[in-house]
Amino acid sequence: MKFAVSLTMERFSPDIPMSTAKNNLLQLARMADEGGFEALWTAEHHTIECTISPNPFQTLVWLAQHTQQIRLGTSTLVAPYWTPIRLAGESALCDHLTNGRLEFGIARGSYQYEFDRMAGGMPQQEGVAYMKEIVPAVKKLWAGDYAHDGHYWKFPTATSVPKPLQQPHPPIWVAARDPGSFDWAIANGASILSTPLSQPAAEIQVLADKFNKAVADHPEVPRPRFMMQRRTCVYDKADGWELAVKHSMDYGRAFENLMQNIGNVREGFPEAVPYEAVKGKDNYNPDNIRKNLMFGTPDEAIEKLLVYEEAGVDQYCLGLTFNLPFELQKRTIELFVKEIMPFFAAREKDKQRKVAAG
């Protein structure tokens, strides 16, 4: 199992300068690169300060100038916000400017608050149909001349300029939780980005079962990769969970605001909705948060990560963007590099030796 990190610039108060958010992201990205993380993922979001990433390609090109080997991924380009020609060209140029390190991840989108401002108020659930139309179109534009006559987009013969550096194209990833999205993504040769959210550990296997069924249903397609992301915080002392849980709960209430579109957002800062307005109140139980999310000392985190490994997860992604104090974000990466990643690297070597020995 490999490791990745999900990062964006984030501000949770107007008192935090944009320069601080930018420099914090750069420092974490360099740490992840030097520490041997496989990939850095960043999402697309608009009009909200807690996730500052109106164009992930710009962020990744910038980070590419300051890192050496880490793969650079768009964890969630939001399909309805793009057109096929623009998406094909911008992603291909990003692939060149990152020296072929782009991982192309796309999703239907999530926050209804954003859809009301970016997509004419359409229900965010409808974004999946846009994704299913735009991904094949982008692949054909990357390949050469192509004319499109679809439901959402129509254009005469055109092509992607430039073509991607990686051939036939950058790895494609699709964010998925429901079985239909798993099946469509794998049928189209895409790998899977998924998350158990705040659900108990059993949800890890539920998602793995969906992945495995889709793989089995499409034997004609080489097995893709399976990434899973959770909010993550690793600390030195056992009582460190209290601070991690507090920030997770506060962030969750702001997340509910954007998902349900039920709170105020002032100057780009979403207010945390009252606890009585949240969905899934069990997810706000401190004991459940501590147990379900990737919160713990290194030994506790390893024990939790073994469940992901057993489920067949190829890449575990540290979700660090939930207003976690910067020093704790750095310490989490440091502890993964020093104590957690070597444990799993050794397990992988042992496995390879056993396979070689027959």
query: Among the strands (runs of 3 or more DSSP E) confined wholly to the stretch 38-135, which include 1 or more residues that are modelled with pLDDT under 95 and not basic (K, R)?
result: 71-78
query: What about Y111, is it open to solvent by less than 20 Å² (accessible area, probe 1.4 Å) and within 23 Å of the chain's Cα centre (by Cα)?
result: yes
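Say whether the condition of being small (G, A, S) and under 20 Å from the mean Cα position of the chain (by Cα) is met by at least one residue in the stretch 285-300. Talk me through it step by step, then tell me what you get.
Filtering the stretch 285-300 down to residues small (G, A, S) leaves 296.
From the residues that got through so far, the ones that are under 20 Å from the mean Cα position of the chain (by Cα) too are none.
No, the stretch 285-300 contains no residue that is small (G, A, S) and under 20 Å from the mean Cα position of the chain (by Cα).
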task: Among the candidates P84, P56, single out the residue that is surrounded by 21 or more Cβ atoms within 10 Å (Cβ to Cβ), free of Cβ contacts under 8 Å to residues at least 24 places away in the same chain and not small (G, A, S).
output: P56
- prompt: With respect to N23, is the statement that it is in a loop (DSSP other than H, G, I, E, B) and over 24 Å from S194 (Cβ atoms) true?
  reply: no
Enumerated strands (runs of 3 or more DSSP E) restricted to the stretch 141-244, each holding at least 1 residues that are farther than 25 Å from L72 by Cβ, modelled with pLDDT of 95 or more and open to solvent by less than 40 Å² (accessible area, probe 1.4 Å): 146-149, 154-158
query: When both residues are 6+ apart or on different chains and their Cβ atoms are under 6 Å apart, which pairs have a first residue that lies in the stretch 133-158 and is of a type outside the set (D, E, K, R), and a second that is assigned to a strand (DSSP E or B) and open to solvent by 60 Å² or more (accessible area, probe 1.4 Å)?
result: A147/P156; A147/T157
query: Counting only residues that are under 25 Å from A88 (Cα atoms) and crowded, with 20+ Cβ neighbours inside 10 Å, how many does the stretch 6-50 have?
result: 12
message: Against the conditions (1) open to solvent by less than 30 Å² (accessible area, probe 1.4 Å); (2) not in a loop (DSSP other than H, G, I, E, B), where does F255 fall short? Just the number, please.
response: (1)
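Out of all the residues in the stretch 1-54, which are of a type in the set (D, E) and touching a Gly at 6+ places or on another chain (Cβ under 8 Å)?
Passing the criteria: only E49.
Tally time: how many residues in the stretch 88-110 are touching a Ser or Thr at 6+ places or on another chain (Cβ under 6 Å) and of a type in the set (A, V, I, L, M, F, W, C)?
The total comes to 4.
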field: Where a residue in the stretch 242-257 is among the β-branched types (V, I, T) and its partner, wherever it lies, is surrounded by 21 or more Cβ atoms within 10 Å (Cβ to Cβ), with Cβ under 9 Å and at least six apart
entry: V245/C233; V245/I289; V245/L293; V245/F295
query: Taking the stretch 87-105 as the search range and keeping residues that are of a type in the set (D, E, K, R) and free of Cβ contacts under 8 Å to residues at least 60 places away in the same chain, which one is least open to solvent (accessible area, probe 1.4 Å)?
result: R101
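The values are calculated or read from the model by the stated rules, or taken from the named source; none is laboratory data. These numbers come from a predicted model, not from an experiment. Neighbour counts are summed over all protein chains in view; Cβ atoms, including those assigned to glycine, are modelled from backbone coordinates with ideal geometry. Quick note on the areas: whole protein, heavy atoms, side chains included, nothing else; ligands and nucleic acids left out. Shrake-Rupley method; radii C 1.70, N 1.55, O 1.52, S 1.80 Å.
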